[in-house]
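**Q** Below are the structure tokens for one structure; questions will follow.
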Amino acid sequence: MSSRIAFIGGGNMAGAIIGGLVRKGQAPSQIDVVEPFAEARARLQQQFGVTALEQAGAALAKADLVVWAVKPQTFKDAAAQARAHVDKALHLSVAAGIRSDSMAAWLGTERIVRSMPNTPALVGKGMTALFARAAVSAPDKQQAEQVIATTGEYLWVRAEEQLDAVTALSGSGPAYVFYFLEAMTQAGAEMGLDAEQARRLAVGTFAGASELARASSEPLQVLRERVTSKGGTTYAALTSLEQDGVKAAFVKALHAARQRAEELGDEFGK
């Protein structure tokens, strides 16, 4: 891409996107990052060769796209500092919880795309959902897609409130996977495997099962049933999980995550 891109915030998600952009041919000289912490600025400059700024200023006026990668509680203050310099740009937010109505009010523009990525973006395997306000044009959407595509897959949602469900499902989802991997690794060690063997088997199984689900057009239930012989080992494990109410508890947990995502918008979007 030939566009100039500014990042507000230089944390892990910003780093994942910047790394993807540079790998895809974006010139580091065309990327500015506003990051208040000196150590983080030095790391970004050394790792990617981008321009790292301590605070928002007139240099941001050159940006065609501004990526908001700040924490929800700091978004409003960061927007106040940058607003005068970025009113002509397209804005892409990767900040959790902050709704586009709040962004539009703080930034004085309607050209806003809100997204919900997840941490596998760090290794180019992210899953991101995007929502565009009505003023976002088709070329604007394409530009947002080009940026997010450097971190993995993406999809568009038709209603912004769906992003709360996305946050619960895929945004927080990697933590659920790690949680189950921890449990599988612990069980493996308790049954006589060493820790490294158990971890390798657990991670490989999750990765393989996910690839099988991705490659197959069959329902997940069918894929599960194919592994589950009546009276067999998988049947014993799944029966135990059902008796303990694991699926119901897990579904309940995702609803709790969605509710918290909604609360974040209420709490920090004022």
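**Q** Can you go through Ala104, Ala95, Ala144, Ala135 and tell me which one is in contact with a Pro (Cβ under 6 Å, 6 or more places away or on another chain) and within 23 Å of Lys76 (Cβ to Cβ)?
**A** Exactly one of Ala104, Ala95, Ala144, Ala135 is in contact with a Pro (Cβ under 6 Å, 6 or more places away or on another chain) and within 23 Å of Lys76 (Cβ to Cβ), namely Ala95.
**Q** Scan Ala195, Ala202, Ala207 and give me the residue that is surrounded by fewer than 14 Cβ atoms within 10 Å (Cβ to Cβ), within 25 Å of the chain's Cα centre (by Cα) and either closer than 17 Å to Leu241 by Cβ or not polar (S, T, N, Q) (or both).
**A** Exactly one residue qualifies, and that residue is Ala207.
**Q** Let me ask something else about it. Could you pull out every one of the strands (runs of 3 or more DSSP E) wholly within the stretch 84-192 that has 3 or more residues that are in the same structural domain as Pro28 (by TED's automatic domain parsing) and closer than 24 Å to Asp266 by Cβ?
**A** Hits in the stretch 84-192: 90-93, 112-116, 126-132.
**Q** Taking only the stretch 100-134 into account, find how many residues are β-branched (Val, Ile, Thr) and touching a residue at least 60 places away in the same chain (Cβ under 8 Å).
**A** Within the stretch 100-134, residues that are β-branched (Val, Ile, Thr) and touching a residue at least 60 places away in the same chain (Cβ under 8 Å) number 1.
**Q** Of the conditions (1) among the charged types (D, E, K, R); (2) crowded, with 18+ Cβ neighbours inside 10 Å; (3) free of Cβ contacts under 8 Å to residues at least 60 places away in the same chain, Arg4 fails just one. Which one is it?
**A** (3)
**Q** Of all residues in the stretch 221-270, count the ones that are surrounded by 13 or more Cβ atoms within 10 Å (Cβ to Cβ), among the hydroxyl-bearing types (Ser, Thr, Tyr) and part of a helix (DSSP H, G or I).
**A** Residues meeting the conditions: 2.
**Q** Also, I was wondering about something else. Of all residues in the stretch 46-60, which are out of contact with any Pro (no Cβ under 6 Å at 6 or more places or on another chain), within 15 Å of Gly11 (Cβ to Cβ) and in a helix (DSSP H, G or I)?
**A** The one that is out of contact with any Pro (no Cβ under 6 Å at 6 or more places or on another chain), within 15 Å of Gly11 (Cβ to Cβ) and in a helix (DSSP H, G or I): Gln47.
**Q** What pairs can you find where one residue is in the stretch 17-33 and closer than 18 Å to Trp68 by Cα, the other is acidic (Asp, Glu), and their Cβ atoms are less than 9 Å apart, with a gap of 6+ or different chains?
**A** Every condition considered, no pair remains.
The values are calculated or read from the model by the stated rules, or taken from the named source; none is laboratory data. In this text, all values refer to a predicted model and were calculated from it rather than measured experimentally. Using ideal geometry, Cβ is built from the backbone for each residue, glycine included, and neighbour counts are taken over all protein chains shown.
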